[in-house]
Amino acid sequence: MANNKIQVNDTLPLFQLPNEEGEMIDIKDYIGKPLVIYFYPKDDTPGCTREACTFRDQFADFVDVGATVFGISGDSPASHFKFKAKHRLPFSLLSDKGNKVRKLLGVPSDLLGLLPGRVTYVIDQNGVVAHIFKSQMAAEKHVEEALETIQNMV
């Protein structure tokens, strides 16, 4: 894990974060089946809304291959709750207050460090990172990349 940044073939570091209901989610409980963890900058911004709604619109495809999807940003559980309800998101949003998990995984910032990065991690059933996709602007492509990776794993 050079530079404290996880790479493909690394084991996912374990972490716990509250979801939109304020319940603690322990990521180790989801190891054993494919997992998609996508980091995004902020609730209810145009790119983040497009990305979340694209995951929503293709959610059945992720369920079909047994995958769990989590979105993570530094927004509060209350903000996530509103964002999830407004856009009818069928997956949990985790609150990374203080960006502890973002730092743990080495998710980079964009735009001269002003904006939290948009990075998607696909984790296999053994807890190993199978794919990483980073693109601040191509929000919808994160969904396509994640789904294609998982479909090739199963």
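Within the stretch 65-80, being modelled with pLDDT of 95 or more, more than 16 Å from the chain's Cα centre (by Cα) and either β-branched (Val, Ile, Thr) or farther than 19 Å from Gly117 by Cα (or both) holds for one residue alone: Ala78. Here is the figure for the stretch 66-86: residues that are without any contact (Cβ under 8 Å) to a residue 24 or more places away in the chain and outside any helix (DSSP H, G or I) total 1.
Among the residues of the stretch 134-142, is any without any contact (Cβ under 8 Å) to a residue 24 or more places away in the chain, touching a Ser or Thr at 6+ places or on another chain (Cβ under 8 Å), farther than 21 Å from Glu20 by Cα and not aromatic (Phe, Trp, Tyr)? Can you show your working first?
Just the residues of the stretch 134-142 that are without any contact (Cβ under 8 Å) to a residue 24 or more places away in the chain, to begin with: 135, 138, 141.
Subset that is touching a Ser or Thr at 6+ places or on another chain (Cβ under 8 Å): 141.
Cutting the leftovers down to farther than 21 Å from Glu20 by Cα gives us 141.
Narrowing further to those that are not aromatic (Phe, Trp, Tyr): 141.
Yes.
Can you report the number of residues in the stretch 87-132 which are outside any loop (DSSP other than H, G, I, E, B), charged (D, E, K, R) and surrounded by fewer than 16 Cβ atoms within 10 Å (Cβ to Cβ)? Matching residues across the stretch 87-132 total 3.
The values are calculated or read from the model by the stated rules, or taken from the named source; none is laboratory data. What you see is a predicted model; the values in this text were computed from it and never measured. Glycine also receives a Cβ, built like all others from the backbone with ideal geometry; neighbour counts cover every protein chain displayed.
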